[in-house]
Amino acid sequence: MRKTIIAGNWKMFKTTSEAIELANGLQRELYKLEETVDILLCPPFTALSEVSEVITGSNIKLGAQNVYWKDEGAFTGEISPLMLKDLGCAFVIIGHSERRQFFGETNESVNNKAKAALGHGLTPIICVGETLQEREAGSTFKVLEDHVQNGLKGIEESAAAAMVIAYEPVWAIGTGKTATSQQAQEAHEYIRGLLAKMYGQEAAAQVRIQYGGSVKPENISELMAQPDVDGALVGGASLKVETFAQIVKKAAEVKK
Ligand code: PGA
């Protein structure tokens, strides 16, 4: 059975003091659920250290929103996997559509980053998903194939089960438009099929696939009821204690 994983992607929100407040609030709300769900907070780099301190000793885990693939060097402005490990990160989001769209992220950089993360024992959350234009042109599956096959190129079967994939249709991110649970299931099933071709059924069955895109307390239960939806990557609704805590609790309830 795949363990449910709910991640909060705080994006470029929260100063350090605001981040501490949010992490403290979440810890108070969620400590009882610790064993049944992987709960993950991904604050901006500037607040990783403080949030790490707040959640130490609890089962809430820490993730970063990006990483570079070298351990160290003259790469001004970049952060290495070693540095993330040093701060207590266990996860890192890679290839989010905002990074692909605004910062020139490609399947190749996603691939380099995913390998570097795995090499340092960080679990990569690899984001894939189509734009509205691509969906309307009927190329959703082609885009998913491209993102999955090229993003994971050269990653060994033994590492496959340690990855998390986030299916995030770009048209559903921050727009209030959620994919229907059927659309999510269809994409997740397709992704698992791609993984099965690359790594075999057994490994594919272990990979957790999150849905992301306007997840809120009102739609999480229906999404989680789908057999291939193993969790959620939550943006906007992860910025408030009440909404994120509700999402985690409802998700735990569905997959009990
Ligand atoms: P959203 O963002 O929940 O605000 O749509 C999701 C994401 O980008 O990870």
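Can you give the helix-only mean residue ellipticity at 222 nm for the chain, where every DSSP H stretch with n ≥ 4 adds -39500 (n - 2.57) and the sum goes over all residues, rounded to the nearest 500 deg cm²/dmol?
-13000 deg cm²/dmol
Just want to confirm a number: the relative contact order over the range 4-254, from Cα pairs under 8 angstrom separated by 6+ residues, in percent.
20
Enter the accessible area per residue of the chain (Å², integer; probe 1.4 Å; all protein chains in place).
Here the per-residue accessible area is 45 Å².
Give me the net charge for the shell around Val51: Cβ to Cβ below 11 angstrom, other residues only, Lys and Arg +1, Asp and Glu -1.
So the surrounding residues net to -2.
With all protein chains present, how much of the accessible area of the range 4-254 (probe radius 1.4 Å) comes from carbon and sulfur, to the nearest whole percent?
C and S atoms contribute 51 percent here.
Round to the nearest 10 and report in Å² the accessible area of Val143, as given by a 1.4 Å probe over the protein chains' heavy atoms.
Val143 has an accessible surface of roughly 20 Å² with all protein chains in place.
Specify which residue in the list Gly154, Ile20, Pro217 is farthest towards the positive end of the charge dipole of the range 4-254, using unit charges on the beta carbon of Lys, Arg (+1) and Asp, Glu (-1), about the Cα centre.
Ile20
Keeping all protein chains in the complex and leaving out DNA, RNA and ligands, what accessible area do you get for Ser238 with a 1.4 Å probe, in Å² to the nearest 10?
My reading of the accessible area for Ser238 is about 0 Å².
Taking every pair of alpha-carbon atoms in the chain, give the share separated by more than 30 Å as a whole percent.
Tail of P(r) above 30 Å: 20 percent of Cα pairs.
Ordering Thr175, Thr56 by how much accessible area each has at a 1.4 Å probe, largest first, what is the list?
My answer, sorted largest first, is Thr56, Thr175.
Can you work out the Karplus-derived ³J(HN,Hα) for every residue in the range 2-10? Use 6.51 cos²θ - 1.76 cosθ + 1.60 with θ = phi - 60°, whole Hz, and x for glycine or proline.
7, 6, 4, 10, 10, 10, x, 9, 7
Dipole size in debye (nearest 20) for the chain around its Cα centre, Lys and Arg Cβ +1, Asp and Glu Cβ -1?
240
Given H placed on each backbone N at 1.01 Å, which residues far from Gly231 in sequence or on other chains put an amide H within less than 5 Å of it?
Residues meeting the criterion, in which the H sits 1.01 Å from N, are Ile5, Tyr211.
Rank these residues by their accessible area, most exposed first, probe 1.4 Å: Ile39, Ile79.
Ile79, Ile39
Mind checking which lysines have their Cα closer than 27 Å to the Cα of Lys197? Skip sequence neighbours fewer than 8 apart in that chain.
Counting by Cα, and skipping residues close in sequence, Lys197 has these lysines nearby: Lys3, Lys113, Lys115, Lys142, Lys153, Lys255.
Report the residues of the range 42-74 in range of a label on Glu35: point 7 Å along Cα→C-beta, backbone N strictly under 18 Å from it.
57-61, by backbone N distance to the label point.
Where Lys and Arg each count +1 and Asp and Glu each count -1, what net charge lies around Ser221 among other residues with Cβ under 9 Å from its Cβ?
Local net charge: -2.
With all protein chains present and a 1.4 Å probe, how do Leu239, Leu82, Leu41 order by accessible area, largest first?
Leu82, Leu239, Leu41
The values are calculated or read from the model by the stated rules, or taken from the named source; none is laboratory data. This structure is a prediction, so every number in the text was calculated from the model and none was measured. In this analysis, Cβ positions are derived from the backbone assuming ideal geometry, glycine residues included, and neighbour counts consider all displayed protein chains. What goes into the accessible areas is simple: the full protein's heavy atoms, side chains included, and nothing from ligands, DNA or RNA. Shrake-Rupley method; radii C 1.70, N 1.55, O 1.52, S 1.80 Å.
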